[in-house]
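Read through the structure below, which is laid out as structure tokens, and then see the notes.
The values are calculated or read from the model by the stated rules, or taken from the named source; none is laboratory data. Only a predicted model underlies this, so the values are computations on that prediction, with no experimental measurement involved. Neighbour counts run over all protein chains shown; Cβ positions are idealised from the backbone, glycine included. Note: areas computed on protein heavy atoms with side chains; ligands, DNA, RNA excluded. Shrake-Rupley method; radii C 1.70, N 1.55, O 1.52, S 1.80 Å.
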Amino acid sequence: MKPSHKEMPAARSRGFAAIFRRVWEILEPWQRRRALGVSVLITLTALVETLSVVSIVPFISLVANPAALSKGGLLGTAYAMSGVTSERSFLLLVGFAVLAVLVLGNAFKTFTAWRIALFTNLVGHELSVRLVSAYLSQPYAFFLTRHSAEFAKSILDEVSQVTNRIIQPAMLALSRLVVTVFIGAVLVAADPLVALLVVVVLGGAYSLIFLALRGVIARSGQVRYEANQLRYHVVSEGFAGIKEIKMLGLEAVYAARFAGPSERFARTQAGNQIISLAPRHSLEAIAFGGVLGLVLYLLDTRQTLENALPVVALFAFAGYRILPGLQEIYASLTTIRFAAPTIEALHRDLTTMRPPAEPVHIAAPLPLTRAIRFEKVTFAYPNAERPALRAVELEIPRGARVGVVGPTGSGKSTLIDLLLGLIVPTEGRILADDGPLDGDETLRRWRAGIGYVPQHIFIADETVAANIAFGRPHQAIDRAAVERAARAAQLHDFIVNELPGGYDARVGERGVRLSGGQRQRLGIARALYGDPAILVLDEATSALDSATEDAVMAAIDALDRDRTIIMIAHRLRTVERCDMRVEIKKGVLSVSQQTQG
Ligand SMILES: Nc1ncnc2c1ncn2[C@@H]1O[C@H](COP(=O)(O)OP(=O)(O)OP(=O)(O)O)[C@@H](O)[C@H]1O
């Protein structure tokens, strides 16, 4: 369960500029354009919101002093032009106008909130799709170095962290910031001294709290990230190894192994939530006291209630917008900082692993007319002390039947993986006829011509027919080819006589369970479905009883002689009928020709 260095971003604390730059870099150009569009919308909404705050001033002035209408001014002119006969009706009209601006402002806000939610969620969707595609198109060797739980975590968890805890809070913070700046400007116009005081006290308080806590937030964000990684590892290992866990009675051990990181995860989340919320209550008290002080101050400086009331109303109403706004900016920034390690990891994967530019189609098989040749092939696994295979010289003529034998750990699977083009030689080269097997496209075409039966057959939760024609869309399944392959793998009789539903019976997770031997034969049928020129079997018959193995071997034997067959076997008698025997000992090959028995 040791995570590789690649999975663990350094615990350094990153500034906001670096976090946002990383987010910007992983966005597609259209997403960047849309982000700018949403930002414009946010600014417009802020403008409308400011307008709705400011519109309270004329209304309150009128309430305080209706007689002002006869003294001209902006309101007086509006009154004269409106054709309304009484001051009271005009007051009502202004009241409705203010309400309309408020409702409009809120409607606009809702619309913007919807655009932000849509934008962030669609970005999340697109990032997940890009990650799935990028991971799947990595060379096979890549999967040897990463824990399989990493993929589900990145695709399903980290992406939503980035959208919900970085992009969405950033948009929210921007919208609150713009509103605060606009309303702040209005306050400065109304009373610069008081406005300055409000900005210094509230803004200063939040900034101080944030600066004091930012180190704690960054560290707990890192702890959360690492704890989450462990949670995924334990869950995936626990259920993948359920048989061993049951047999060894390790249920409680695994549950306890999960509990540790799960608790750390929960505690850091709770810590972050409280850090985001805590200043609100104390600052609300300060703000409330501030409003009281302000009323007294304004009454003192403006002498009459009539003069003071509109400004008091403006500040009170502005405060009612600014205070939650500042709180939201602060909470967003703490959330973003807390989620920073996630963007590091995702940015690394998305920038270093490019998904294929176009969808990759099933390649046309590379033909083999003469022979496969290994020239001085050496292969060493990453981080391994010595090579798994050394200076392999091997020629497999087309149509040959090759048996690969050797003690466990000698390098048989490595030889097969090289032959399959899943891994490439560290030194030397492999040739098909005279063409070297290298480059993505050649290797894809090479693999397309090989039917491969692994030791462990993966059964999808699908029908038997779909499992034989694995991965093909349902409408493209060739039923005749499915049956031909099943017959060759000695599976046809079982399917039609014993499986209710025959070829349409569901097998796998929620369907009929297959025995080890049946699984193996299904794997062989799957490999034969595409009628490949080369068939590679990795201990494919070791799970079968000798009678079934003989029948399968006889079926393989009966395949046309043009087909090249390479099989790894533990039992020597499995490879008796091969015409070449490759023996591997500690990564070194010896080849002997056999006369068929
Ligand atoms: N992913 C890997 N990373 C590092 N070393 C590996 C890896 N896979 C295999 N090896 C090492 O390479 C050597 C050859 O392994 P390989 O799986 O090819 O043996 P094998 O002959 O197929 O064994 P078996 O019959 O037990 O399946 C072994 O020493 C093994 O420890």
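Placing +1 at every Lys and Arg Cβ and -1 at every Asp and Glu Cβ, with all other atoms neutral, what dipole size does the chain have around its Cα centre, in debye to the nearest 20?
My answer is approximately 940 debye.
Please report the carbon-and-sulfur percent of the accessible area for the stretch 371-593; probe 1.4 Å, protein heavy atoms only, DNA, RNA and ligands left out.
Reported share for carbon and sulfur atoms: 48 percent.
Sort out for me the Cα centre separation of the stretch 186-205 from the stretch 318-395, rounded to whole Å.
Value for the Cα centre distance between the two parts: 49 Å.
Add +1 for every Lys or Arg and -1 for every Asp or Glu among the other residues with Cβ under 9 Å from the Cβ of Ile183, and state the total.
0
Quick one: what does P(r) look like for the stretch 11-352 with 20 Å bins over all Cα pairs, in whole %?
24, 44, 23, 8, 1
Shape of the stretch 427-533 from its Cα gyration tensor (a ≥ b ≥ c, root eigenvalues): rounded if a/c is under 1.5, otherwise prolate when a/b > b/c, or oblate?
Note, shape of the stretch 427-533 comes out prolate.
Any chance you could tell me what percent of the C-alpha pair distances in the stretch 528-597 go past 15 Å?
Pairs farther apart than 15 Å: 57 percent.
I'd like to verify something in the chain: which complete DSSP H helices, judged by Cα projection on the helix axis, reach 24 Å or more and average at least -1.0 on the Kyte-Doolittle scale?
Result, helices passing both filters: 29-54, 87-136, 168-190, 204-240, 251-302, 305-338.
Distances longer than 23 Å among the Cα atoms of the stretch 371-593: what percent of all pairs is that?
Taking all Cα-Cα pairs of the stretch 371-593, the fraction more than 23 Å apart is 48 percent.
For an R0 of 51 angstrom, estimate the FRET efficiency from the Cβ-Cβ distance between Trp30 and Val188 and round to the nearest 0.05.
0.85
Quick one: grab Rg to one decimal and Dmax as a whole number for the chain, Cα atoms only, in Å.
Every Cα atom of the chain included, Rg and Dmax give 35.7, 119 Å.
Which far-off residues, 5 or more places away or on another chain, put their amide H under 5 Å from the one on Leu499, with H placed in the peptide plane?
When sequence neighbours closer than 5 places are left aside, there are no close amide H contacts.
Simple spin-label model, 7 Å along Cα-to-Cβ: Leu144 to Gln269 in nm?
So the two model labels end up 3.8 nm from each other.
If you average the sequence gap of Cα pairs under 8 Å that are 6 or more apart and divide by the length of the stretch 11-352, what percent do you get for the contact order?
33 percent
Which whole-Hz ³J(HN,Hα) couplings does the stretch 453-459 yield from phi under the Karplus relation 6.51 cos²θ - 1.76 cosθ + 1.60, θ = phi - 60°, glycine and proline marked x?
Taking θ as phi minus 60°, the curve returns 10, x, 5, 10, 8, 7, 10 Hz for the stretch 453-459.
Which loop GluC sites (Glu not before Pro) in the stretch 197-258, with loop taken from DSSP, have no more than 12 other Cβ atoms within 10 angstrom of their Cβ?
none
So who's got an amide H within less than 5 Å of the one on Leu366, skipping anything under 5 residues away but keeping other chains? H placed 1.01 Å off N, in plane.
Counting only residues 5 or more places away or on other chains, the set is Trp446, Ala448, Gly449.
What does the C-alpha gyration tensor say about the overall shape of the stretch 26-147? Classify as rounded when a/c is under 1.5, otherwise prolate if a/b is larger than b/c, or oblate.
Judged from the Cα gyration tensor, the stretch 26-147 comes out prolate (a/c at least 1.5, a/b above b/c).
Counting alpha carbon pairs within less than 8 Å and at least 6 residues apart, what relative contact order, in whole percent, applies to the chain?
About 15 percent, as a whole number.
Putting +1 on Lys and Arg Cβ atoms and -1 on Asp and Glu Cβ atoms, find which of Tyr503, Ala486, Ala540 reaches farthest to the positive end of the dipole of the stretch 486-541.
Checked the options; the winner is Tyr503.
Using modelled backbone amide H atoms (1.01 Å from N, in-plane), which distant-in-sequence or interchain residues come within less than 5 Å of Arg506's amide H?
Counting only residues 5 or more places away or on other chains, the set is Val512.
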